[in-house]
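Read-outs throughout are calculated quantities, based only on the coordinates presented, and are distinct from any laboratory measurement. What you see is a predicted model; the values in this text were computed from it and never measured. Note: ideal-geometry Cβ built from the backbone for every residue, glycine included; neighbour counts use all protein chains shown.
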Amino acid sequence: MTVVGLGYMGLPTALLLARSGITVYGYDIDSRKIGLLQEGRLPFEEPGLQDCFKEAKQFFVPTEQLHPSDAFILTLPTPITEENTCDNSFVISAVKAVCKVLKDDDLVILESTVAPGTTMGVVRSLLETTGKRFSLSYVSEKAIPGDTISEMQRNHRIIGGLNIESAKRTKALYERFVTGAIHLTDCTTAESVKLIENTYRDVNIALANELALRLSKLGVNVWEAIRLANFHPRVHLHKPGPGVGGHCIAVDPWFLVSDDTPLICQARLINDGMPSIVVGMIEEMLRDAKHATVVLLGVAYKGNVDDDRESPTYTIKGLLESKGYRVRLYDPLMKKEPMRSTELSAVTKDADCLVLVTDHTIFKNIDPKKITNMRSKNLFDTRNMTDQKNWEHAGFTVRVLGR
Ligand code: SAJ
């Protein structure tokens, strides 16, 4: 079989399948990536991926050539267009490439996140142009960056089939490495489920953000209020923050947005508006500091990962710079140089404000007493992670989002 597109989801899927003992061709148009894999090196890091790569070695064949196969799993990116719709162009070129090698009775599985109806519409019609008999399914991935390998195996999977035979064939393939329950449905329902999952999270975070802004004006600590509300057995509120980043939650809800989804649209706008609100709060803190230098703690879009896709940090940086602030970034978890080896003391020198943007656990361990070289000591914590009293004892003026 072949996995088409060896990204954050495609590569782990290919390796898990190969590790189960079937030959898996890993096809990608990026020759640098294929070159690295052929040399035995991974193009990115993810806990457990290296071990999986070693264990899959015998059965995993990275290739720049799309070979005839019995089954194809398509894990291509589906970026968002300027009009906030789903850009299917990578999926379409991959399906066209598959059409060239398709044989009767092959199975084609789409894993990319798409607007409901894409598998039964775009993908099916392209495959039909070949005149071959085929099975077709949609399976969404649900793994979270930072725990991909383990979540890919243990999470429930929803398989949507063109017909029951397609769904059953797909189930048999995924059962080789999935230990979670597998549920069968139709393609469009399966596509929708993927979008619902991330939309649920986006709307929930938007509610938490709105509550943070409202309740803090009433003198309520929203973090404490949410913690207490979550003791109710049927309430599970998420946390406020500086904005929603990553390539999923900040993007997927748009694929559902239409004239009749004002709530989903508004949630996106609330979350996308958070960086600007954070910048307004930083400006209030720095009212008296001319030509202030702001240090953003954390570049990753969320805690304890080294992934900066759609990170709110960059939006906050751009907004601050457009207002004349100097901005420095600090994130020891990022692999990129010079970020990786920058010392905290180098970025705090003569700075006026630290802004905790990413909830990396290591930021909890920063000792404020050791920060002695700032021009003025201000801390704005967007994640409610720091011990406010401890920082105040060290001479900092502290403000926390939602308090
Ligand atoms: N965030 C908040 N408040 C919260 C939780 C998260 O502000 O209470 C922010 C984070 O800081 C981050 C963003 O939201 O910037 C998204 O982070 P995340 O951990 O919620 O989600 P992702 O994008 O890393 O992964 C999600 C997951 N989806 C769900 O949990 C429903 C993952 O399972 C999916 O596989 C992934 O999207 C995807 O590929 O769709």
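Expressed in Å, the radius of gyration and Dmax of the Cα atoms of the range 221-302 are 16.4, 49. Look at where the Cα atoms of the range 296-372 and of the range 91-152 average out, and the two centres are 39 Å apart. Legend: translational diffusion of the range 342-403 by Stokes-Einstein, Rh = Kirkwood radius over C-alpha pairs, 20 °C, 1.002 mPa s; D = 183 µm²/s. For the range 261-403, the average shadow cast by the Cα convex hull is 8.8 nm², which is a quarter of the hull's surface. About the centre of its Cα atoms, the range 236-284 shows a dipole size close to 180 debye [charges on the beta carbon of Lys, Arg (+1) and Asp, Glu (-1) only; nearest 20 debye]. Put in order of Cβ neighbour count within 10 Å, fewest first, the listed residues Cys86, Cys353, Cys52, Cys99 become Cys99, Cys86, Cys52, Cys353. Of Ile366, Ile316, the sequence from fewest to most neighbouring Cβ atoms within 10 angstrom is Ile366, Ile316.
So for the chain, considering every pair of alpha-carbon atoms, how many percent are separated by more than 26 Å? The answer is 59 percent, as a whole percent.
Applying the criteria of a DSSP loop state and at most 14 other Cβ atoms within 10 Å to the GluC sites (Glu not before Pro) of the range 13-118 yields Glu39, Glu45, Glu64, Glu82, Glu83. Using the Cα centre of the chain as the reference point, and only Cβ charges (+1 on K/R, -1 on D/E), how large is the resulting charge dipole? Debye, rounded to the nearest 20. In debye, rounded to 20, the chain gives about 860.
Here the Gaussian network model covers the chain, with springs between Cα atoms less than 10 Å apart; of Ile159, Ile277, Ile362, Ile362 fluctuates the most. Between Ser311 and Gly246, the built amide H atoms are under 5 Å apart, and every one of these is 5 or more places off in sequence or on another chain.
A straight Cα-to-Cα reach below 18 Å connects Lys96 with the aspartates and glutamates Asp28, Asp30, Glu64, Asp70, Asp87, Asp104, Asp105, Asp106, Glu111, Glu128, residues fewer than 8 places away in its own chain not being considered.
Where both residues lie in the chain, what percent of DSSP beta bridges are antiparallel, nearest 5?
10
Measuring between alpha carbons in the structure, the pairs from Lys239/Lys335; Lys317/Lys370; Lys349/Lys369; Lys33/Lys194 lying more than 20 angstrom apart are Lys239/Lys335; Lys317/Lys370; Lys33/Lys194. Neighbours of Val114 by Cβ distance under 12 Å: Lys/Arg scored +1, Asp/Glu scored -1, total -3.
Order these by the 10 Å Cβ neighbour count, fewest first: Arg309, Arg32.
On the way: Arg309 16, Arg32 9.
Ordered from fewest to most neighbouring Cβ atoms within 10 Å, Arg309, Arg32 come out as Arg32, Arg309.
Helix check for the chain. Which DSSP H runs span at least 30 Å along their own axis by Cα, with a mean Kyte-Doolittle hydropathy no less than 0.5? If you can, show how the numbers build up before the last one.
Values: long enough: 187-217 (46 Å, -0.01); 262-285 (34 Å, 0.72).
Qualifying helices, which must be both long enough and hydrophobic enough, are 262-285.
With 0.36 nm allotted per residue and the present C-alpha distance subtracted, the His67-His156 stretch has 29.0 nm of extension available.
Averaging the Cα positions of each part gives two centres, and for the range 216-249 and the range 1-23 these lie 37 Å apart.
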